[in-house]
């Protein structure tokens with residue numbers, strides 16, 4: 001399957017122009033719950049603006065006021081060395097790119113560098129989910145210290161009578177935050193979820209195997 005079958009087309013994208021201000025960009029990011037935005041000049045793809053990079057730049061390097069920073073242009077902070085793909089790229093290739101990089105989406109462009117749309121990690125994952133089925137309970141856990149907690153999570157699930165069938169660790173654009181997706185077999189899956197929450201884990205997107 002090609003990425004054009006699962007891409008979000010340009011007409012439905014939230015984009016930002018090189019001439020927009022940081023304030024305007026952050027308004028779109030916050031209102032739509034995004035972590036980054038494609039930056040365009042017309043429909044020409046020119047880069048990506050990351051919420052994380054803006055925060056890092058302001059708190060670590062900027063010496064002016066918040067108001068002054070908000071009026072700076074997007075072009076000053078966008079990343080331009082972004083790998084793009086064509087609409088006929090296979091989904092497997094896009095999945096491999098997500099594994100080797102920390103991006104949340106991949107821009108899809110034509111030969112003239114016109115932005116046709118994007119393919120997201122979520123879209124690729126959902127396609128693989130269709131392939132591998134949906135027979136197990138599942139959940140997502142968000143954590144900052146992936147190395148420190150992964151073993152503890154597995155141990156806790158086993159202690160509550162659960163067996164992990166599949167696991168996927170997905171990096172995000174927010175500092176060192178990672179999303180751990182788990183499929184679990186358990187006599188009492190709700191008990192497993194409650195135990196994780198009692199131990200302070202941020203458990204989301206809980207789905208039971210009888211849900212469609």
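Read the figures in this text as sums done on the coordinates, not as results from a lab. Quantities reported herein were computed from a predicted structural model and do not represent experimental measurements. Every residue, glycine as well, gets a Cβ built from its backbone with ideal geometry; the counts of neighbours run over all protein chains shown.
Once you sort the root eigenvalues of the Cα gyration tensor of segment 50-141 as a ≥ b ≥ c, which label holds: rounded (a/c under 1.5), prolate (a/b larger than b/c) or oblate (the other case)?
In terms of gyration-tensor shape, oblate.
What is the calculated FRET efficiency for residue 125 to residue 32, with r their C-beta to C-beta distance and R₀ = 25 Å, to the nearest 0.05?
0.80
Fewest to most neighbouring Cβ within 10 Å: what's the order for 147, 2?
Starting with the residue having the fewest Cβ neighbours, the order is 147, 2.
So for the pair residue 142, residue 21, with labels modelled 7 Å out along Cα→Cβ, what separation do we get in nm?
Distance between label points: 2.9 nm.
Pairing the Cα long axis of helix 22-31 with the longest principal axis of the chain, what angle in degrees results, from 0 to 90 and rounded to the nearest 10?
30
Helix-derived [θ] at 222 nm for the chain: sum -39500 (n - 2.57) over DSSP H runs of at least 4, divide by residue count, nearest 500?
Result for the chain, helices only: -9000 deg cm²/dmol.
Rank the residues 48, 203, 192 as a footprinting-exposure proxy: fewest other Cβ atoms within 10 Å of their Cβ go first.
203, 48, 192
Can you work out the FRET efficiency for the pair residue 207 and residue 79, with r the C-beta to C-beta distance and R0 = 35 Å, to the nearest 0.05?
0.55
Quick one: 120, 143, 63, fewest Cβ neighbours within 10 Å first, how do they rank?
63, 120, 143
With labels modelled as points extended 7 Å from the Cα through the Cβ direction, what inter-label distance (nm, one decimal) is found for residue 101 paired with residue 150?
It works out to 2.2 nm between the two label points.
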